[in-house]
Amino acid sequence: MRFNHLFRIILSISLFMLSQLVRAEPMLNGIGAHQELGKEVFIGALFSESLSNDADTLINNVQPMRMELKIVAPDGLTTRRFSRMWIEGMAVNSKADALMAQADNMVKFDGLFKGRFQKDDSISFTNTPGAGVDIAVNGVALGNIKDSTFFSMLLSTWIGKIPLSSDYRDSLLKVGDVDSGLRARFSSISPTAARIADIKAWAEPNSAEKETKPAIVAAPKESSAAKVESVTVAKVDLPKLEVPVIEKPALDIPAPVAQIEPQAPVPVATSTPAKPMTIAAATPVEAEEEEEGPALTAQSLLARQFYVSDSIKKIRNKTKYPRRALDRGQAGNVRVAVVIDRQGNILSTNILESSKFEMLNKEALDAIKRSAPFTALPAAIAGARFEFTVPMRWTLPD
């Protein structure tokens with residue numbers, strides 16, 4: 001009798017542990033290719049314990065999930081561009097208090113990636129309730145963020161109210177009904193053994209220090225200009241530890257989602273261009289600076305995120321729905337890369353994701369132009385210029 005009771009207890013515990021192991025392996029919810037300027041940058045996949053086509057359900061559910069992206073761009077992806085994708089995505093999909101609460105985690109996350117991503121690299125973020133988020137590149141564990149809320153904020157950049165692109169978000173919400181060709185292509189992408197060895201160096205605690213020491217010794221030998229520049233950056237960063245400049249404006253910013261989400265706009269008569277506008281050619285922004293720049297701190301991160309939120313809010317307030325586009329039932333999404341100088345003057349604009357309707361593409365650029373000049377860059381944001389992307393959306397009123 002006693003033996004039977006003990007046997008039942010052991011059996012129950014074994015079944016529970018087995019169910020937990022089975023439960024821990026998420027299923028493929030969706031897969032899609034993210035493009036910029038008509039060219040694929042990476043293929044991303046979302047795995048979830050329970051499948052869903054509802055973004056809010058996936059973002060808010062506490063369950064085993066994994067985000068995985070594989071680089072397909074021939075030139076790879078710079079760490080600065082990769083970092084900007086998450087910084088801006090969180091800024092426009094999260095409230096100010098959430099951004100501040102996760103600032104230290106974001107800085108830690110950003111510091112895990114110590115070099116340019118190459119074609120065929122695989123980056124994964126695995127959320128395990130109670131254990132946090134594991135970050136890995138090419139199967140090499142780089143670190144852990146012990147806060148599942150951080151995963152939800154990462155996920156919101158893909159499927160939140162203001163995603164990388166609407167098409168990309170839709171492709172991740174397929175409840176497992178994915179394109180077999182894209183899935184096979186995703187599965188076939190894998191890094192070389194040599195590349196995996198390179199990434200293992202990222203995981204070494206002293207690897208960053210070893211790389212930094214020669215740079216510090218060599219810098220004074222190169223030129224006095226380089227010496228002055230590095231000192232200037234240091235002096236710009238140190239005073240920025242004063243929070244008021246960053247925190248107070250941020251707390252007054254309405255939820256970024258509400259800023260960008262179009263309301264039933266009042267039609268505004270605008271002239272139609274005589275000929276289709278020309279989208280600027282793909283030119284690498286900050287080509288020489290992409291891999292450079294001071295490491296992020298919580299203060300500089302928040303300064304960037306709040307500046308992006310404020311700038312997008314300003315652009316939204318200047319955006320109109322062209323009357324002819326409204327009358328013709330034209331709706332769509334446009335995403336524009338904007339580069340400004342330290343005074344807030346526009347240096348360039350590039351359409352990263354265009355609408356099939358030229359009137360909406362033109363209005364996107366016109367709204368940005370009407371919003372200039374933007375606020376001068378705060379001291380916490382280093383560099384001679386600053387780039388951010390503006391997601392814009394026109395939806396027809398019900």
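Extension gain for the segment Lys356 to Arg323, taken as residue separation times 0.36 nm less the Cα-Cα distance, is 10.2 nm to one decimal. Taking label points 7 Å from Cα along the Cα-to-Cβ direction, Arg183 and Thr297 give a separation of 4.8 nm. Averaging over all projection directions, the Cα-based convex hull of segment 120-195 occupies 6.2 nm² in the image plane. Short-range pairs are left out: with C-alpha atoms under 8 Å and at least six residues apart, the relative contact order of segment 27-78 is 37 percent. Evaluating 6.51 cos²θ - 1.76 cosθ + 1.60 at θ = phi - 60° for every residue in segment 183-197, the Karplus couplings come out as 5, 5, 5, 4, 5, 7, 7, 8, x, 7, 4, 5, 5, 4, 5 Hz, glycine and proline recorded as x. The length gained on full extension between Ala131 and Lys39, counted as 0.36 nm times the residue separation minus their Cα-Cα distance, comes to 29.5 nm.
The phi torsions of segment 323-334, fed into the Karplus equation with coefficients 6.51, -1.76 and 1.60 and a -60° offset, translate into couplings of 4, 5, 5, 5, 4, 8, x, 8, 9, x, 10, 9 Hz, rounded to whole numbers, with Gly and Pro shown as x.
Sorting 170-183, 330-343 by average packing, meaning the other beta carbons within 10 Å per residue, from highest down gives 330-343, 170-183.
Values quoted throughout were computed directly from the atomic coordinates according to the rules given, and no laboratory measurement underlies them. The model shown is predicted, which means the values in this text are computed figures rather than measured ones. For neighbour counting, all protein chains shown are included, and Cβ atoms are generated from backbone atoms with ideal geometry for every residue, glycine included.
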